[in-house]
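Only one structure is covered here, and it is reproduced in the block below.
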Amino acid sequence: MRQIDRLLALYGESHQNRTNVAIHTVAVPAIYLVTIGLLWSLPVPEFFARTDVTWAHIVVLPVLYYYFRLSGPIGAAMTLLTIASFAVIELIALSPIPVWQCCFLLFVVMWVLQFVGHKIEGKKPSFFDDIRFLLVGPAWWWTHWLKRLNIAY
């Protein structure tokens, strides 16, 4: 069995309840987005500031590498989500609300929703057993879309 299949099966064990799945369908990509936004907001050394490179740009590289190692289609899908996340962050940056404040608020709200979903499910979040499941969540989210598009992951 491929590692991606094993990880998704384990993740899926605590994501069976329809309400929990619905919550995760919204919260998982939102948490990915706002995590990038929080990293984007961190001050960078002066030599990075002149290049517009942020901590988010630096952190997404090994994250995307991890996804591509699991599965090419998942890696490509996560690259799309990452590009979309950066685009949304740039839009937020145009607003009067600082990116970090907007992202922090959404981060807290989305995690509260996730825990509500797991309370309804009656099972603890997968990442309590293995921290990798924080990265498996977005891959799990994408598999639903890839299946609908009839794309093997």
Give the residue that is farthest from Ala139 (Cα to Cα), with candidates limited to residues of the range 57-76 that are touching a residue at least 60 places away in the same chain (Cβ under 8 Å) and among the aliphatic types (A, V, I, L, M). Val63
If Ser71 passes every condition in (1) touching a Phe, Trp or Tyr at 6+ places or on another chain (Cβ under 8 Å); (2) under 20 Å from Ala27 (Cβ atoms); (3) surrounded by 18 or more Cβ atoms within 10 Å (Cβ to Cβ) but one, which one does it miss? (2)
Output for the range 4-20, where each listed residue is more than 16 Å from Val109 (Cα to Cα) and touching a residue at least 12 places away in the same chain (Cβ under 8 Å): Ile4, Leu7, Leu8, Leu10, Tyr11, Gly12, Glu13, Ser14, His15, Gln16, Asn17, Thr19
Within the range 19-53, residues modelled with pLDDT of 90 or more, assigned to a helix (DSSP H, G or I) and more than 24 Å from Pro138 (Cα to Cα) come out as none
Starting from the range 77-106, keep only residues that are under 19 Å from Val63 (Cβ atoms), then list their pairs with residues that are among the β-branched types (Val, Ile, Thr) and not in a helix (DSSP H, G or I) whose Cβ atoms are within a distance under 9 Å, requiring at least 6 positions of separation or different chains. Ala77/Ile151
Test Lys119 against the criterion of being among the basic types (Lys, Arg), surrounded by fewer than 18 Cβ atoms within 10 Å (Cβ to Cβ) and either modelled with pLDDT under 95 or over 18 Å from Asn17 (Cβ atoms) (or both), and give yes or no. no
Expected single match for among the charged types (D, E, K, R) and either under 15 Å from the mean Cα position of the chain (by Cα) or part of a helix (DSSP H, G or I) (or both) among Lys124, Lys119 is Lys119
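The values are calculated or read from the model by the stated rules, or taken from the named source; none is laboratory data. None of these values were measured; they are calculated from a predicted model. Note that we place each Cβ from the backbone using ideal geometry, even for glycine, and neighbour counts take in every protein chain shown.
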